[in-house]
Amino acid sequence: MPPNKSTSPTQVGDATDAPSSPKARRSMQMTDIARMAGVSTSTVSRALSGSSLIPEATRNRISELARSLNYRVNVGAANLRRRDVQTIGVAILGDSMQLISDPFLLSILGNVADALDERGMSLMITRLLENRKHMLTSMLDSGQVAGLIIIGQLTWHQHLNDMARQGVPMAVWGASLPDALYPVVGGDNFEGGYLATRHLIQQGCKHIAFFGDTTHPEAGMRHQGYLRALQEAGHAPDSRLAQHFMFGDKRIRETIDSWLNQNLQFDAIFASSDVTAISLMGALSERGISVPAQVKLVGYDDISLAAHVHPSLTTVRQPADQAGRTLVELIFDAIQGKPRRAVMLPAQLIERESSR
């Protein structure tokens with residue numbers, strides 16, 4: 001016998017996903033509150049759970065809006081939030097050649113940890129490759145962390161913008177891109193590349209090579225500064241002397257061997273990381289090329305080792321201590337629903353023996 005039309009099912013799937021279910025209504029109400037308050041849904045969630053991370057005035061405003069919509073707090077979820085809000089996730093975006101043990105990354109991490117500790121917070125670190133983008137939001141969705149500090153952009157810029165549109169509380173260390181929707185802290189990469197190359201030109205160098213993966217926003221901007229300095233000096237860039245990678249001792253040595261075997265003319269190298277520059281020193285030394293007598297060399301970051309290698313390394317300093325503390329400031333701003341901002345830190349050329 002066919003079922004009575006009045007009792008026939010009208011939904012396919014889990015009934016709790018229906019628009020009229022309590023769970024769905026709660027989600028829509030929270031979105032409404034966030035829109036009316038001008039904050040993210042995560043800020044609404046924390047405010048309604050009584051999180052001290054949210055300013056009292058903002059908590060009161062959100063509570064009033066919630067009452068006007070007859071919104072009731074899920075006590076279990078609120079307790080979970082109170083328990084886990086003391087942890088910030090730190091995600092390091094890396095390629096297969098870059099490790100967490102990179103000295104500059106470690107310096108930023110140490111300063112982030114110190115700044116969080118001063119606020120009574122802890123951190124959870126993960127390293128993500130290109131095929132694990134989904135792990136960023138899952139750290140938040142699972143309730144493990146209150147927000148995300150992301151180190152590096154790689155080719156993830158649009159994905160980070162998508163996360164920002166979803167209201168994900170985060171702060172990013174990377175290049176300040178004009179269409180970025182997320183809070184970002186970074187050095188003045190264009191100016192740094194320009195200063196490094198201009199310095200080599202002032203030292204009398206005319207055939208200046210470049211090492212750096214220009215598909216990464218930071219290295220790409222350093223390369224643009226490199227090109228500007230060459231242009232101002234009337235030097236045409238030689239595409240054969242541009243190597244678009246940063247890490248990997250084997251590849252660096254193969255490149256130097258290839259240049260020397262082809263009798264390519266180069267009297268200086270600008271490397272967009274100190275780790276690469278120090279590897280270049282070794283590769284040149286193996287072929288009997290003296291730094292700086294025959295080839296002058298400038299790195300980037302000013303890691304602690306740069307002052308202690310022989311010869312000591314000229315480099316562009318990025319203030320890792322300021323970077324770490326500013327990232328923590330911005331993630332707390334994001335958690336509290338404050339307007340997004342970008343902070344560009346100054347680049348400073350540190351002259352040492354490798355370029356004199």
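Just so it is clear, none of the values below were taken in a lab; they were calculated from the coordinates. What you see is a predicted model, and the numbers here were worked out from it, not measured in a lab. Here Cβ is always computed from backbone atoms with ideal geometry, including for glycine, and neighbour counts include all displayed protein chains.
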Exercise. Size of the dipole of the stretch 113-223 about the Cα centre, Lys and Arg at +1 and Asp and Glu at -1 on the beta carbon, nothing else charged, in debye to 20?
Worked result: 280 debye
Exercise. Given the Cα atoms of the stretch 85-220, and with Rh set as the inverse mean 1/r over their pairs in the Kirkwood sense, what is Rg to Rh to two decimals?
Worked result: 1.03
Exercise. What value, in deg cm²/dmol to 500, does the helix sum -39500 (n - 2.57) over DSSP H runs of n ≥ 4 give at 222 nm once divided by the residues of the chain?
Worked result: -13500 deg cm²/dmol
For this session: Would you mind giving the average projected area, over all directions, of the Cα convex hull of the stretch 291-356 in nm² with one decimal?
Result: 4.9 nm²
Exercise. Ordered by residue, what ³J(HN,Hα) values in Hz, to whole numbers, does the stretch 351-356 give under the Karplus form 6.51 cos²θ - 1.76 cosθ + 1.60, where θ = phi - 60° and Gly and Pro are x?
Worked result: 7, 9, 5, 5, 10, 9
Exercise. Based on the Cβ-Cβ distance of residue 290 and residue 254, what FRET efficiency does E = 1/(1 + (r/R0)^6) give at R0 = 25 Å, to the nearest 0.05?
Worked result: 0.75
Exercise. Using a simple spin-label model with points 7 Å from Cα along the Cα→Cβ vector, what separation in nm is obtained for residue 158 and residue 181?
Worked result: 1.3 nm
Exercise. Reachable aspartates and glutamates from residue 338, Cα under 16 Å, same-chain residues fewer than 8 places away excluded?
Worked result: 56, 329
Seminar exercise, completed: Helix 189-202 sits off the longest principal axis of the Cα atoms of the chain, rounded to the nearest 10 on a 0 to 90 degree scale, by 0 degrees
Exercise. Among [x] 5, 22, 26, 18, 13, 9, 5, 2, 1, 0; [y] 5, 23, 31, 25, 13, 3, 0; [z] 5, 20, 29, 21, 12, 6, 3, 2, 1, 0, 0, which is the computed P(r) over Cα pairs in 10 Å bins from 0, in percent?
Worked result: [x]
Problem set entry | P(r) histogram, all alpha-carbon pairs of the stretch 238-356 included - 5 Å bins from 0, percent | 2, 10, 19, 19, 15, 10, 8, 7, 5, 3, 2, 0
For this session: For residue 101 and residue 70, calculate 0.36 nm times their separation in residues minus their Cα-Cα distance, and state this gained length in nm to one decimal.
Result: 6.1 nm
Exercise. Between residue 345 and residues 5 or more places away or on another chain, which pairs have amide H atoms under 5 Å apart, with H built 1.01 Å from N, and which residues are they?
Worked result: 186, 187, 188
Problem set entry | residue 125 long-range amide H proximity, modeled H, under 5 Å | 90
Problem set entry | Whole-Hz ³J(HN,Hα) from phi, Karplus 6.51 cos²θ - 1.76 cosθ + 1.60, for the stretch 153-166, glycine and proline x | 10, 6, 9, 9, 3, 5, 5, 5, 4, 4, 5, 5, 4, 7
Problem set entry | Degrees between helix 217-233 axis and first principal axis of the chain (Cα, 0 to 90, nearest 10) | 40 degrees
Exercise. With labels modelled as points extended 7 Å from the Cα through the Cβ direction, what inter-label distance (nm, one decimal) is found for residue 215 paired with residue 141?
Worked result: 2.7 nm
Seminar exercise, completed: The FRET efficiency for residue 231 and residue 35, from their Cβ-Cβ distance with R0 = 51 Å and rounded to 0.05, is 0.60
For this session: Compute the acute angle (0 to 90°) between the alpha-carbon long axis of helix 75-84 and the principal axis of greatest extent of the alpha-carbon atoms of the chain; round to the nearest 10°.
Result: 20 degrees
